[in-house]
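For reference, the structure is listed below as structure tokens.
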Amino acid sequence: MTTQETSIAQDSASSRRGLIWPWLVTFAILGVLSPLLSEHFGILWGRVHYRWCAILVVWVVVSLWLQWRQAEKPERVAPTWISVIGYLAVFIQIGVAYLYFTGWVAIVAAICTVGLLVLHLSRQRRMQHAFGTWALLFLLVRLPNQLEGRLLRVYEDLSARIGSAILEWRGVYHVSQANEMVLDAAVVDIRIICNGFYSIYMMVFMAALFVVWKQRPLLYALCVLASSTLVAAVVNGIRVAVVCMITNVSGVNIMETGWLWLMLAVSLALSFLLLLSFDAFFGFFFAEVEEERAKKNLLVRVWNGLCHFGARSLTKIFKVKGVEASGGRWLPVAVFSGLLVMAGFAGSILYYEWTAEGEGRTKFMHSRDELKVIDQESITFERPGWQVLEKTYEEREFASIWGQFSLIWKLKYEDLFVIVALDYPFDKWHDVKVCYSNEGWKIDEERLTDLPSYNGWGASETEMSLPTGDYGFIMCSHLSHIGEPVQAKPTAHQFDMVLYYLHPKQWKAPYGTSVNKDKNTFYQCQVMVRSSFPLSEEQREEVRQMYGDFRNQVKQQIEQMPTP
């Protein structure tokens, strides 16, 4: 064997050894994250509009494998510092994911880990489209629940308006009411049409696959993705109109029959044609200006640069192969050491999480015998105009979303009937408006209220409505087992929501205040007003003042009672 052949063989063996540890690290990190990932994918699979997630994972794996088989030796490789920063970020994400026990951060950590593996593979072979293919995995990061719900409601409303316009054009009598389209002979649920397998999420998924397959530049791709949301709204509007017209004539809702699949196939075909049309338009719009004009005009050169900016432009930060390409032996040693630390951290939280099962909602709450019992008769409502109609006590099963125990007062103020309740116990902020939403109430407006008389103890305030037109006004707040006010969950998705979720109270056991029974046993004070008409501002203010007086009495009793 010649010297050159020996050198090539040694380089090949070294390359193979250099690929072993990234694979081991990747599988180890995914193993550490597996409890959270299984929970995250369970949530995705439970939502019909995310059922394509399995197709996405398979597509990415197969695509990367095919690219690897066809790849050539790279001319440039990523420097080691990218891997160092990447693994450091992944370890931080693992810590945050387990500290708050959230699959949302865990899936981000898993995607970044796969990205680092692709980065290591690219040091051996140049996979031209690996970055775009890997980036598709971020479609698995679902939106926060409230934001997702609002987005779906916006597109439901837009699709309903488009469908209603088509029905109006066809002369079909109908009334669009909440999530339903009321016809002469039937009622059609718009949510089933708009948020099933075909939805805005499905269209964004289809558009993302298309732009990666066609290797569209970044700005071009973003415009095609944005147009896919419009396509989803239009096609869903047509679907709403078609289902309503067929249902109105035949009395049969095709969304409940086998014709559903034919409609899905036609919807996907029409959507793809519209997507191709938008793609052709943006292809014309982002066409490169002639080279001669680009040489003479700086703005033309900038425009051409923007139109063709993509993943390949990032290779400018890459170094020539052989310069800090592998990181030597210290990088795998450092990564495995960090992984052992994070595995121990995750194990401590999993121990408490799994051993708490079977002991109720959590073992870090006061038991039934330790709960403080309020004297219902001692709570008074002495503000002018208020009348107590009835006092009741309810006990439910432990897992009830309304709480196991409730003290209830039914009051009357002028022509309003008001329900005041003390519900307990809860181990975290109990979003009572969700309970009313499950009974058909629609959230119209929500905010946090903090009057001067509340002394910093804010309350969640929600205005709701029923399809019948009835109006609901709800206030809710919590206090702990020792009478300390509990921070109300913000209603707007702003920075205060981030601070709320990062609060040590949200940490999992055994960290933060998670093992403190006094600070993990909550009592909920709520008031519910149901009326045929919205309350006047004077009536709302009177309810707020009465509610503040009620809370203060409950708080004083809890503070004065010794812990059993």
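The values are calculated or read from the model by the stated rules, or taken from the named source; none is laboratory data. Keep in mind that what you see is a predicted model, and the values were worked out from it rather than measured. As a convention, Cβ positions derive from the backbone with ideal geometry for all residues, glycine included, and neighbour counts pool all protein chains shown. When the accessible area is computed, the model is the full protein with side chains, heavy atoms only, and any ligands, DNA or RNA have been set aside. Shrake-Rupley method; radii C 1.70, N 1.55, O 1.52, S 1.80 Å.
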Checklist outcome for this item: For the chain, the longest principal axis of the Cα atoms and the Cα long axis of helix 3-45 enclose an angle in degrees, to the nearest 10, of 20 degrees
Item to check | Within the chain: Cβ-based charge dipole about Cα centre, in debye rounded to nearest 20 (Lys, Arg +1; Asp, Glu -1) | outcome: 3080 debye
Item to check | Euclidean distance of C-alpha centroids, the range 152-189 and the range 251-283, integer Å | outcome: 18 Å
Checklist outcome for this item: Note, Lys555: beta-carbon cut-off 12 Å, +1 each Lys/Arg, -1 each Asp/Glu, net -1
Item to check | In range of the label at Leu502: residues from the range 77-94 whose backbone nitrogen is under 14 Å from the point 7 Å along Cα→Cβ | outcome: 93
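Out of every Cα pair in the chain, what percent are spaced more than 36 Å from each other?
Working: 83927 of 158766 pairs.
Cα-Cα pairs of the chain separated by over 36 Å account for 53 percent.
Would you please give the FRET efficiency between Ser437 and Leu19, computed as 1/(1 + (r/R0)^6) with r the Cβ-Cβ distance and R0 = 60 Å, to the nearest 0.05?
Values: r = 51 Å, r/R0 = 0.85.
After rounding to 0.05, the efficiency reads 0.75.
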Checklist entry - How far apart, in nm, are two points set 7 Å out from the Cα along the Cα-to-Cβ line at Glu538 and at Leu219? => result 5.9 nm
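Provide the gained length on full extension for the span Ser531 to Arg447, in nm with one decimal, where the gain is 0.36 nm per separating residue minus the Cα-Cα distance. Don't jump to the answer; show the numbers that get you there.
Numbers: separation 84, 0.36 × 84 = 30.24 nm, distance 1.97 nm.
Between Ser531 and Arg447, full extension yields 28.3 nm more.
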Checklist entry - Per residue, what accessible area does the chain have, given a 1.4 Å probe and all protein chains present, in Å²? => result 52 Å²
Checklist outcome for this item: Taking Cα atoms, the helix 298-307 axis meets the longest principal axis of the chain at an angle in degrees (rounded to 10) of 70 degrees
Next on the checklist: Given points 7 Å out from each Cα along the Cα-Cβ axis, report the Trp259 to Ile55 separation in nanometres with one decimal.
Outcome noted: 2.3 nm
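Just how large is the dipole of the range 136-239 about the Cα centre, in debye to the nearest 20, putting +1 at every Lys and Arg Cβ and -1 at every Asp and Glu Cβ?
Working: 9 positive and 7 negative charges, 88 e Å.
I would put it at about 420 debye.
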Checklist outcome for this item: Summing -39500 (n - 2.57) over every DSSP H run of at least 4 in the chain, dividing by its residue total and rounding to the nearest 500, the 222 nm mean residue ellipticity is -17500 deg cm²/dmol
Next on the checklist: With +1 assigned to the C-beta of every Lys and Arg and -1 to the C-beta of every Asp and Glu, and no other charges, what is the dipole magnitude of the range 63-164 about the Cα centre in debye, to the nearest 20?
Outcome noted: 280 debye
Checklist outcome for this item: In whole percent, the fraction of accessible protein surface over the chain that belongs to carbon or sulfur atoms, probe radius 1.4 Å, stands at 61 percent
